[in-house]
Amino acid sequence: MTVRRSRRKQEEPDLGILSSRTLFSLQRQLFETLAQQGHPGLRPRHGAVLAYLDEEGSRATDLATQSGQHKQVIGTLVDELVELGYVERQPDPADRRAKLIVPTEKGRDHMVKSDAILAAMEAEHAKAVGEEAYTAFKRVFKLVAERQTGGSALAE
């Protein structure tokens, strides 16, 4: 039975398989390109912080919520990114007890480059399948992702 299920999954992959294939392929291409552009020390796990980081800084609790990671995981990743020179901790002017995770010059360079790389990847996909189909795909995929995570993309 395992072979039949496996063969069926290959022919008609479910949402989990399609999502993971897309994520892992996207991460591989993104981080390989970033390494070529001067950011070789970053790993896909760092995306849990860097993908959600505001230029003005973000609280670790907000990064944890947005990325779906535990606060302890975010703390470890922030420690690694501080050591790599991508972020620094600064006092939050709105709450002296809290710290903001703020991108450094190197972190902002990464943010600009990763945005450009991802935009180019999306443009390639849109060209391959057609602008209209890609726009519809992203809209539907966003709705599914929001529904899956309990968000409300329907309100947008």
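Read-outs throughout are calculated quantities, based only on the coordinates presented, and are distinct from any laboratory measurement. Owing to the predicted nature of the structure, the values given are computational and were not obtained by experimental measurement. Cβ placement follows ideal geometry from the backbone for every residue including glycine, while neighbour counts extend to all protein chains displayed.
Data table
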read-out: Dipole in debye (nearest 20) - the chain, about Cα centre, beta carbon charges: Lys, Arg +1; Asp, Glu -1; value: 800
read-out: Lys/Arg +1, Asp/Glu -1 at C-beta; the range 25-151 dipole; positive extreme among Ser58, Tyr86, Pro103; value: Ser58
read-out: In Hz, Karplus ³J(HN,Hα) per residue of the range 50-59 (6.51, -1.76, 1.60; θ = phi - 60°; x = Gly, Pro); value: 5, 5, 10, 6, 7, 4, 7, x, 9, 7
read-out: Rounded FRET efficiency, nearest 0.05, which uses the C-beta distance separating Glu132 from Arg43 and R0 of 35 Å; value: 0.50
read-out: Estimated FRET transfer efficiency when R0 is 30 angstrom, pair Glu122-Val73 (beta carbons, to 0.05); value: 0.65
read-out: GluC sites (Glu not before Pro) restricted to the range 15-112 and DSSP loop, no more than 15 other C-beta within 10 Å; value: Glu55, Glu56
read-out: Largest to smallest principal axis extent of the C-alpha atoms in the range 42-90, angstrom; value: 23, 23, 16
read-out: Residues with amide H under 5 Å from that of Leu100, placed H, sequence gap 5 or more; value: Gln90, Asp92
read-out: C-alpha center-to-center spacing [the range 23-65, the range 82-143] in angstrom; value: 7
read-out: Label point distance in nm, Arg21-Phe141, each placed 7 Å from Cα along Cα→Cβ; value: 1.3
read-out: Length gained when the stretch Gln36-Thr104 is fully extended (0.36 nm per residue, less Cα-Cα span); value: 22.5 nm
read-out: Among [x] 41, 39, 26; [y] 64, 38, 34; [z] 56, 36, 35, the entry derived from the coordinates for Cα extents along the principal axes in Å; value: [z]
read-out: Lys/Arg +1, Asp/Glu -1 at C-beta; the chain dipole; positive extreme among Val140, Met121, Thr33; value: Val140
read-out: Span-like helix ranges in the chain, DSSP H, alpha carbon extent 18 angstrom or more, Kyte mean at least -0.5; value: 15-36, 71-84, 105-129
